[in-house]
1. Looking at (1) over 18 Å from Thr32 (Cα atoms); (2) out of contact with any Gly (no Cβ under 7 Å at 6 or more places or on another chain), which is the only condition Asp185 fails?
2. So which of Val208, Val195, Val183 is in a loop (DSSP other than H, G, I, E, B) and either at pLDDT 95 or above or of a type in the set (Val, Ile, Thr) (or both)?
3. Could you pull out the residue among Pro52, Pro40, Pro95 that is in the same structural domain as Ala22 (by TED's automatic domain parsing) and at pLDDT below 95?
4. Out of Thr150, Thr162, which single residue is of a type in the set (S, T, N, Q), in contact with a strand residue (DSSP E or B) (Cβ under 9 Å, 6 or more places away or on another chain), surrounded by 22 or more Cβ atoms within 10 Å (Cβ to Cβ) and within 21 Å of Arg7 (Cβ to Cβ)?
5. May I ask you to say which residue of Gly18, Gly14 is outside any helix (DSSP H, G or I), under 9 Å from the mean Cα position of the chain (by Cα) and not hydroxyl-bearing (Ser, Thr, Tyr)?
6. Could we say that Ala56 is among the aliphatic types (A, V, I, L, M), over 15 Å from the mean Cα position of the chain (by Cα), closer than 18 Å to Glu241 by Cβ and not in a helix (DSSP H, G or I) here?
7. Take the residues of region 99-120 that are in contact (Cβ under 8 Å) with a residue 60 or more places away in the chain and not in a strand (DSSP E or B): which is nearest to Asp145 (Cα to Cα)?
8. Quick check on region 182-215: of everything there that is of a type in the set (Asp, Glu) and exposed (fewer than 11 other Cβ atoms within 10 Å of the Cβ), which residue is nearest to the chain's Cα centre (by Cα)?
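The values are calculated or read from the model by the stated rules, or taken from the named source; none is laboratory data. Fair warning: this is a prediction, and the values are worked out from it, not measured in the lab. Here Cβ is always computed from backbone atoms with ideal geometry, including for glycine, and neighbour counts include all displayed protein chains.
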Amino acid sequence: MSQTTPRDALVVGGGVAGLTAATFLARADLDTLVVNDGEPIVRRNAHLENVPGFPAGVNSRLFTDLLSEQADRNGAGRLTGRVTDLDVLGDDEDPLFRATVETDDGEETVEVSRVVAASWSDASYLEDTGVDLRAAGSKTYVGVDDLGRTDVPGIYAAGRLTEIYHQAVVAAGDAAETAITLVHDSGTAFYNDWVAPTGYFTDRGREVPPACEEIDADERAHRERESREVMREFFAEPHDEPQRTHPSLVDDELGRLDE
């Protein structure tokens with residue numbers, strides 16, 4: 001995957017924060033790649049009980065599968081591997097970075113204009129970038145402003161890595177805000193990610209804002225039908241992967257229980 005044309009955005013981490021950020025970035029037509037090493041910690045949960053939209057809760061592995069599907073459907077690319085280093089190539093006005101990624105097939109490099117660190121709890125690849133890092137025992141946190149920007153232009157951070165509350169919905173909201181900040185900083189025309197009924201803007205003599213669209217009744221019905229079909233497929237059967245626990249408790253690197 002080593003390349004000469006820089007991608008628009010690299011998201012490091014494929015958990016709740018990383019996949020949420022990737023969806024927002026890809027929907028803004030930014031060329032987005034998610035690099036993820038292993039499984040996100042959220043998949044160890046026995047059941048997620050406090051995620052909006054799931055009144056009876058949701059299987060944690062199914063939930064992250066849904067997030068992956070959403071990022072994929074919106075055009076984000078994904079690569080399994082670990083980002084081991086991030087070189088700063090550009091400047092404050094024209095950010096550019098080179099990420100070194102270790103995969104099962106060897107080492108790859110990815111050049112990218114902007115980076116979102118969402119890789120709880122690994123921030124080692126940021127050590128030589130100038131990003132503010134705070135060690136706290138075995139953990140390292142990334143310093144950001146109120147919108148997810150680090151003190152290095154072009155590098156952002158989201159989710160638990162920024163020391164926010166350790167809740168899935170908080171990580172998702174934080175990552176969405178960080179992604180929208182990146183979109184704004186990139187100069188991409190962006191107002192709000194709305195899908196409105198026909199005439200919502202135009203019948204009031206207004207132009208449809210950037211990143212919005214108006215759809216007619218047939219298209220609304222099509223999208224609703226598709227959303228029901230997708231959700232029925234995901235929820236048709238119990239999730240087929242075994243429950244996880246902390247890897248230190250079992251003889252399995254993923255913490256899979258023998259049930």
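1. With respect to (1) over 18 Å from Thr32 (Cα atoms); (2) out of contact with any Gly (no Cβ under 7 Å at 6 or more places or on another chain), Asp185 is out only on (1).
2. Details: Val195 fails: in a loop (DSSP other than H, G, I, E, B); Val183 fails: in a loop (DSSP other than H, G, I, E, B).
Just a single option satisfies the conditions, and that option is Val208.
3. Details: Pro52 fails: at pLDDT below 95; Pro95 fails: at pLDDT below 95.
Among Pro52, Pro40, Pro95, only Pro40 is in the same structural domain as Ala22 (by TED's automatic domain parsing) and at pLDDT below 95.
4. Going through Thr150, Thr162 in turn, just one is of a type in the set (S, T, N, Q), in contact with a strand residue (DSSP E or B) (Cβ under 9 Å, 6 or more places away or on another chain), surrounded by 22 or more Cβ atoms within 10 Å (Cβ to Cβ) and within 21 Å of Arg7 (Cβ to Cβ): Thr150.
5. On the way: Gly18 fails: outside any helix (DSSP H, G or I).
That would be Gly14, the only listed residue that is outside any helix (DSSP H, G or I), under 9 Å from the mean Cα position of the chain (by Cα) and not hydroxyl-bearing (Ser, Thr, Tyr).
6. Details: among the aliphatic types (A, V, I, L, M): yes; over 15 Å from the mean Cα position of the chain (by Cα): yes; closer than 18 Å to Glu241 by Cβ: no; not in a helix (DSSP H, G or I): yes.
For Ala56, the condition - among the aliphatic types (A, V, I, L, M), over 15 Å from the mean Cα position of the chain (by Cα), closer than 18 Å to Glu241 by Cβ and not in a helix (DSSP H, G or I) - is not met.
7. Here the residue is Ala118.
8. At the first step, the residues of region 182-215 found to be of a type in the set (Asp, Glu) are 185, 193, 203, 207, 213-214.
In the following step, the residues that additionally are exposed (fewer than 11 other Cβ atoms within 10 Å of the Cβ) were identified as 203, 207.
Details: Asp203: 36, Glu207: 30 Å.
Among those residues, the one meeting the criterion is Glu207.
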